[in-house]
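The structure under discussion appears below in the form of structure tokens.
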Amino acid sequence: MEVILKETIPSLGKAGDIVRVANGYARNFLLPKGKAIFAEKKNISQVERQQASILAKAAKEHDEFDALATKLGELEISIPVRVGEKDRLYGSVTNLDIANAIESQGYSIDRKKIQMDEPIKALGEFEILIKLSTDVRAAVKVNVVSQESL
């Protein structure tokens, strides 16, 4: 089935692209969520007329993400954790903990955008990547410190 994407989807294409997808994917995900429309003549001509506004919207979002990435790059957050013998953590620091710490600094970041291979299980300074969009990433310094040292 051919559909026209209404927004950029990393695995498929950019907003305004006409792509061929499986029928089930289109009917069960893309169309109900409003991420795509059927690729009919009427819709194709409508998207061509709206292409300029779609590109302007994408450029504006990219600029906003660039500005946010710059601000987040300057950010350094500390996360206090409980530690036991030999500075071993009770539990670990996850992307949810990092998202909450970033939110306490005044920035709202979805925890799913924080890229971590595995949770942090040691004290120290770590650099965490945040994927704001398909081509904009920010690196945030995270200091995991003992609660006793505060």
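The values are calculated or read from the model by the stated rules, or taken from the named source; none is laboratory data. Not measured: the values here are computed from a predicted model. For neighbour counting, all protein chains shown are included, and Cβ atoms are generated from backbone atoms with ideal geometry for every residue, glycine included.
So which residues in the stretch 94-115 are among the aliphatic types (A, V, I, L, M) and either under 12 Å from Ile79 (Cα atoms) or modelled with pLDDT of 90 or more (or both), if there are any at all? Of everything in the stretch 94-115, those that are among the aliphatic types (A, V, I, L, M) and either under 12 Å from Ile79 (Cα atoms) or modelled with pLDDT of 90 or more (or both) turn out to be Leu96, Ile98, Ala99, Ala101, Ile102, Ile114. For the stretch 5-59, a tally of residues being closer than 25 Å to Leu132 by Cβ and among the hydrophobic types (A, V, I, L, M, F, W, C) returns 14. Checked against (1) closer than 30 Å to Tyr107 by Cβ; (2) aliphatic (A, V, I, L, M); (3) without any contact (Cβ under 8 Å) to a residue 12 or more places away in the chain, Leu5 meets all criteria but (3). Go through the residues of the stretch 129-137 one by one and say whether even a single one is among the basic types (Lys, Arg), in contact (Cβ under 8 Å) with a residue 40 or more places away in the chain and under 20 Å from Ser11 (Cα atoms). Checked the stretch 129-137: at least one residue is among the basic types (Lys, Arg), in contact (Cβ under 8 Å) with a residue 40 or more places away in the chain and under 20 Å from Ser11 (Cα atoms).
Pick from the stretch 80-120 the residues that are of a type in the set (Val, Ile, Thr) and farther than 16 Å from Ala139 by Cβ: which of them is nearest to the chain's Cα centre (by Cα)? In this case the residue turns out to be Thr94.
The residues of the stretch 15-42 that are in contact with a strand residue (DSSP E or B) (Cβ under 7 Å, 6 or more places away or on another chain), under 25 Å from His62 (Cβ atoms) and touching a residue at least 24 places away in the same chain (Cβ under 8 Å), listed by number, are Ala15, Gly16, Ile18, Leu30, Lys35, Ala36, Ile37. Restricting attention to the stretch 30-42 and to residues that are under 21 Å from the mean Cα position of the chain (by Cα) and surrounded by 14 or more Cβ atoms within 10 Å (Cβ to Cβ), the residue that is farthest from Ala52 (Cα to Cα) turns out to be Leu30. Considering only residues in the stretch 45-62 that are at pLDDT 85 or above and surrounded by 11 or more Cβ atoms within 10 Å (Cβ to Cβ), the one that is farthest from Lys6 (Cα to Cα) turns out to be His62.
Does Glu85 satisfy being in the same structural domain as Ser104 (by TED's automatic domain parsing), surrounded by fewer than 16 Cβ atoms within 10 Å (Cβ to Cβ) and charged (D, E, K, R)? Answer is yes for this residue. Checking each residue in the stretch 117-139 for being out of contact with any Phe, Trp or Tyr (no Cβ under 9 Å at 6 or more places or on another chain) and among the aliphatic types (A, V, I, L, M) picks out Ala122, Leu123, Ile128, Leu129, Ile130, Ala139. Scanning the stretch 63-82 for residues that are of a type in the set (Asp, Glu) and exposed (fewer than 12 other Cβ atoms within 10 Å of the Cβ) yields Asp63, Glu74, Glu76.
For the stretch 88-105, a tally of residues being of a type outside the set (S, T, N, Q) and surrounded by 13 or more Cβ atoms within 10 Å (Cβ to Cβ) returns 7. Note on the stretch 122-150: residues that are of a type in the set (Asp, Glu) and in a strand (DSSP E or B) amount to 2.
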